[in-house]
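Enquirer: Here you go, one structure.
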Amino acid sequence: MKQTDIIPFYGGTHPELFEIERRCMDREGKVIDELQQLLPNGLVLDIGAGNGFTAEKLQTTQRTIIGMEPDELMIDCTKQVIFTKGCAQDIPFHTHTFDAAYSTWAFFFEGITDLDKGIAEMKRVVKKGGPLIIVDNYGEDEFCALSDRPITSSTNHWIKRGFDYHIIETAFIFDDVEEARKLLGFYFGDPGMAVEKTRFEYKVAVYTALNE
Ligand SMILES: C[S@@+](CC[C@H](N)C(=O)[O-])C[C@H]1O[C@@H](n2cnc3c(N)ncnc32)[C@H](O)[C@@H]1O
């Protein structure tokens, strides 16, 4: 794994902010519920698993999630998840190992990474017919409107690559305005520091394909 393959992420050095992010984004658990429905039983790979928040929730007696994460500082060994170090461009598993793979807000960002390298690796390690799922920002919502630069995924990029998509309408819900300002100010600067409420509508795109 090359250091240059890793997208720098704040979560390892600011775990207290990442804790707010994970607790408050999609607070009602709509994305987790959707992934529960879409994922098969068996062995599933979480690409860019972060601290294992999502993987731990998706694990069942019939489904084992392997959390693959390149940044050691992100890995939370207190979680009931099997972690491995690795990155999307070079997945450290044999061909056709997994029944499915998914990635939530990690690596697959157009313009920042080589999407096709990651998609090719995802396809290599998943069995034929297995689901491939990418979760990212959809945009056109109160949360993304706070940013002065584009932070939405491009549906066209995924459609061109054979994925369908649907939208989940969820929300960032903070405990109080101070907590909202802490995280949104960190993300967006002044517009985030100036917020005066605790709930922000947030649309999430779920891109899905079956491995050929
Ligand atoms: C926004 S966090 C999302 C974490 C987790 N998927 C979640 O939903 O909580 C992005 C994660 O992608 C990881 N990452 C960065 N570069 C990566 C790469 N090349 N391949 C896989 N993951 C990567 C980061 O270390 C970070 O943990």
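Enquirer: Take the solvent-accessible surface of the protein heavy atoms, probe 1.4 Å, and return the percent of it on the chain that carbon and sulfur atoms account for.
Expert: Carbon and sulfur together cover 50 percent of it.
Enquirer: If we sort 46-52, 161-167 on the protection proxy, mean other Cβ atoms within 10 Å, highest first, what's the order?
Expert: Result, highest mean first: 46-52, 161-167.
Enquirer: May I pose another question? Within the chain, count lysine pairs with alpha carbon atoms under 24 angstrom apart where the residues are 8 or more positions apart or belong to different chains.
Expert: So the count of such lysine pairs works out to 25.
Enquirer: Tilt of helix 115-125 relative to the longest C-alpha principal axis of the chain, in degrees (0 to 90, nearest 10)?
Expert: Between helix and principal axis, roughly 40 degrees.
Enquirer: Evaluate E = 1/(1 + (r/R0)^6) for LEU38 and ASP148, where r is the Cβ-Cβ distance and R0 equals 25 Å; express this FRET efficiency to the nearest 0.05.
Expert: 0.15
Enquirer: Rounded to the nearest 0.05, what FRET efficiency do THR78 and LYS160 give with R0 = 45 Å and r taken as the Cβ-Cβ distance? Could you check?
Expert: That gives a FRET efficiency of 0.65.
Enquirer: Could you work out how far apart the two model spin labels at ASP114 and LYS30 are, taking each label as a point 7 Å from the Cα in the direction of the beta carbon, and quote it in nm?
Expert: Once both label points are built, they end up 3.6 nm from each other.
Enquirer: Given labels modelled 7 Å from the Cα in the Cβ direction, how far is it in nm from TYR187 to ASP90?
Expert: Distance between label points: 3.2 nm.
Enquirer: Placing +1 on the Cβ of each Lys and Arg and -1 on the Cβ of each Asp and Glu in the chain, which of ALA205, PRO131, HIS96 has its Cα farthest towards the positive end of the resulting dipole?
Expert: HIS96
Enquirer: Related question: Using only the alpha-carbon atoms, how far is helix 15-24 inclined from the longest principal axis of the chain? Give it as 0 to 90 degrees, nearest 10.
Expert: Rounded to the nearest ten degrees, it is 90.
Enquirer: With a probe of 1.4 Å, find how much accessible area the chain has per residue, and write the answer as a whole number in Å².
Expert: Value returned for the chain: 49 Å² of accessible area per residue.
Enquirer: For the chain, what does the helix formula give at 222 nm: sum of -39500 (n - 2.57) over DSSP H segments with n ≥ 4, over the residue count, nearest 500 deg cm²/dmol?
Expert: Helices in the chain give a 222 nm mean residue ellipticity of -7500 deg cm²/dmol.
Enquirer: While we're looking at this one, here's another question. Separation of the stretch 133-212 and the stretch 29-81 by C-alpha centroid, Å?
Expert: Between the Cα centres of the stretch 133-212 and the stretch 29-81 lies a distance of 20 Å.
Enquirer: What is the mean projected area of the alpha carbon convex hull for the chain, to one decimal in square nanometres?
Expert: Mean projected area of the Cα convex hull: 11.1 nm².
The values are calculated or read from the model by the stated rules, or taken from the named source; none is laboratory data. Keep in mind the model is a prediction, meaning the values are calculated, not measured. Every residue, glycine as well, gets a Cβ built from its backbone with ideal geometry; the counts of neighbours run over all protein chains shown. Only protein heavy atoms, including side chains, enter the accessible area calculation; ligands, DNA and RNA are left aside. Shrake-Rupley method; radii C 1.70, N 1.55, O 1.52, S 1.80 Å.
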